[in-house]
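Asker: Here's a structure for you.
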Amino acid sequence: MKLSRALAGGLLLAVLPLHAWADPTLREALDRAWERATQGRAAEARRGEAEASKAIADGWFPEPPSLAVAEKNDRLNKNEGIREREVELTLPLWVPGQRKAHQAFAAKDAADAQAAIAAARLAIAGELRTSIWNVALARSELEIARERLVTAEKLAADIARRERVGDLARTDLLLAKEEALAAKIALAEAGTREQQALERYRVLTGFDRLPVPIEEVVAAPTTAEHPRLRLARTAVERARAEMQVAHEDRRNPPELSLGLLQARDGFGAANVNTVRIGIRIPFASEARNAPKIAAANSGLIRAEAEYRQVVAELAAAQREAQVALDNAEAAHQAAQVRAGLASERLALQEKAFALGELGLAEFMRVRAAANEARLDLLRATHALAAARAQVNQARGILP
């Protein structure tokens, strides 16, 4: 029994770290970024406002009822027991058409709040995609910088050996050492860029590890409405509903009052109870209504203009993303060919340098060109993957 418990405990300890250290997926990274983003909190709060607006529209009264209590007596002068007590309940009433307008506005407000959440989540996804590919590119450049330093140090050691036996000049050794120092500086700079990109990713997601995999497949065009376009459309519908509310709210709510008056003429006299029913109807006025209607009209005009702007921006963004993807594919193919040619040339020049048929300066120039070709291929590879992600982003597709 003790042995089985020990084995079970060991298995548990072995499994937990693997789960804790597992690389997140793209969707998990997006969920974490959403939890940490201020846009997410603001969008959720906006939905709470819409729910409160719906609760008011579905209520019995447009405003809270009120209760008034009053008493009148003659204690301070004659003190003959004369007294009047009154209790009054005031109930605000919906104007015909007013409640329906408020309910319609509440529904549009809720739809707008939900659309704002989807649009904010898409914006966070865009930040996440950019951050991920910045880290990936910085890490790849860091790895190439390490390889460059290792190669430079090996070359410097080989040059030093050949310089000691008189095969190469002192100037060649100095040039090799300069290259090794330059490679060390480049490695430090690449490390700084990698740490900066990683810190931005940590701030965004709270994760130390990149999602696996980070590559995205270009999704097929969808008939679903783009989150930004849906938000612009719901904003127009909300503004129209707000305009209707402004037209229906042309006066303050009427008030129905129910009162109970209890009076007596003096000590020993019987109480006389009286019931009072009244209604208060406020009048409409241009001084009250004109500013509200004008503000609602301005909001509607602004929402319609923003909708047209969003339509144009989304169409342009999708075209730009597709063109960028096509260019990235062409650049990647060219970078592959160039890197292959540079690698083959470097191999031939290494043999020539080893045989003493090529000077060190020319050999280092060829090797620098080969390293640059490798970097260009690396950047083109990441640019192609990022372009695929950007096409999905422009189409409103989440990771």
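No lab work stands behind these numbers, since they all come straight from the coordinates. Model, not experiment: these values are computed from the prediction. Cβ placement follows ideal geometry from the backbone for every residue including glycine, while neighbour counts extend to all protein chains displayed.
Asker: Take each of the peptides 91-101, 281-291, 378-388, average the number of other beta-carbon atoms within 10 Å over its residues, and list them starting from the highest.
Answerer: By packing density, highest mean first, the sequence is 378-388, 91-101, 281-291.
Asker: With +1 on each Lys and Arg Cβ and -1 on each Asp and Glu Cβ, and nothing else charged, work out how big the dipole of the range 25-394 is about its Cα centre, in Debye to the nearest 20.
Answerer: 520
Asker: Just in the range 328-372: which GluC sites (Glu not before Pro) are loop by DSSP and have at most 14 other Cβ atoms within 10 Å?
Answerer: E357
Asker: Let me ask you something else. Run down the lysines and flag those whose C-alpha is under 23 Å from the C-alpha of K292, throwing out any fewer than 8 positions away in its chain.
Answerer: Straight-distance partners of K292: K54, K100, K108.
Asker: Which net charge results for the neighbourhood of A287, defined as the other residues with beta-carbon distances under 13 angstrom from its beta-carbon, given Lys and Arg at +1 and Asp and Glu at -1?
Answerer: Every neighbour counted, the sum reads +3.
Asker: So, counting K/R as plus one and D/E as minus one, what does the shell of residues with Cβ under 14 Å around A303 add up to?
Answerer: +2
Asker: I would also like to ask the following. Give me the number: length gained by fully extending E63 to A182, i.e. 0.36 nm times residue separation minus the C-alpha to C-alpha distance, one decimal in nm.
Answerer: Gain on extension, E63 to A182, equals 35.4 nm.
Asker: List the relative contact order of the chain as a percent without decimals, with contacts defined as Cα pairs under 8 Å and 6+ residues apart.
Answerer: Answer for the chain is 23 percent.
Asker: Compute the length gained on full extension between R264 and T222: take 0.36 nm times their separation in residues and subtract their Cα-Cα distance, giving the result in nm to one decimal.
Answerer: 7.2 nm
Asker: How fast does the range 26-112 diffuse by Stokes-Einstein, in µm²/s, taking the Kirkwood radius from C-alpha pairs at 37 °C and 0.692 mPa s?
Answerer: Translational D for this selection: 186 µm²/s.
Asker: May I ask you to list the lysines whose Cα is less than 20 Å away from that of K177, ignoring any residue fewer than eight positions away on the same chain?
Answerer: Qualifying lysines at Cα under 20 Å: K154.
Asker: For the chain, with the dipole built from +1 on Lys and Arg beta-carbon atoms and -1 on Asp and Glu ones, taken about the Cα centre, which of P253, A125, L377 lies farthest toward the positive end?
Answerer: P253
Asker: Taking each pair of distinct Cα atoms in the range 25-394 once, what is the resulting Kirkwood hydrodynamic radius in Å?
Answerer: Taking every pair of different Cα atoms in the range 25-394, averaging 1/r and inverting gives 28.2 Å.
Asker: Sequence neighbours fewer than 8 away in the same chain don't count; with that in mind, list the aspartates and glutamates whose C-alpha is under 17 Å from K184.
Answerer: E141, E143, E147, E153, E194, E372
Asker: Note the per residue figure in Å³ for the convex hull of the C-alpha positions in the range 315-369.
Answerer: With only Cα atoms used, the range 315-369 gives 59 Å³ per residue.
Asker: Moving on. Going by alpha carbons, how many degrees (0 to 90, nearest 10) lie between the helix axis of 98-164 and the longest principal axis of the chain?
Answerer: Long axis of 98-164 versus the principal axis of the chain: about 20 degrees.
Asker: Give the distance, in whole Å, between the Cα centre of the range 174-202 and the Cα centre of the range 331-399.
Answerer: 18
Asker: If you fit an axis through the alpha-carbon atoms of helix 360-394 and take the longest principal axis of the Cα set of the chain, what angle between them do you get, 0 to 90°, nearest 10?
Answerer: Tilt relative to the chain: about 20 degrees.
Asker: How big is the dipole moment of the range 169-307 about its Cα centre under a simple scheme where the beta carbon of each Lys and Arg is +1, that of each Asp and Glu is -1, and everything else is neutral? Debye, nearest 20, please.
Answerer: Result for the range 169-307 is approximately 700 debye, rounded to the nearest 20.
Asker: Rounded to the nearest 500, what is the chain's calculated 222 nm mean residue ellipticity when only DSSP H runs of at least 4 contribute -39500 (n - 2.57) each, over all residues?
Answerer: Calculated at 222 nm, the ellipticity per residue is -25500 deg cm²/dmol.
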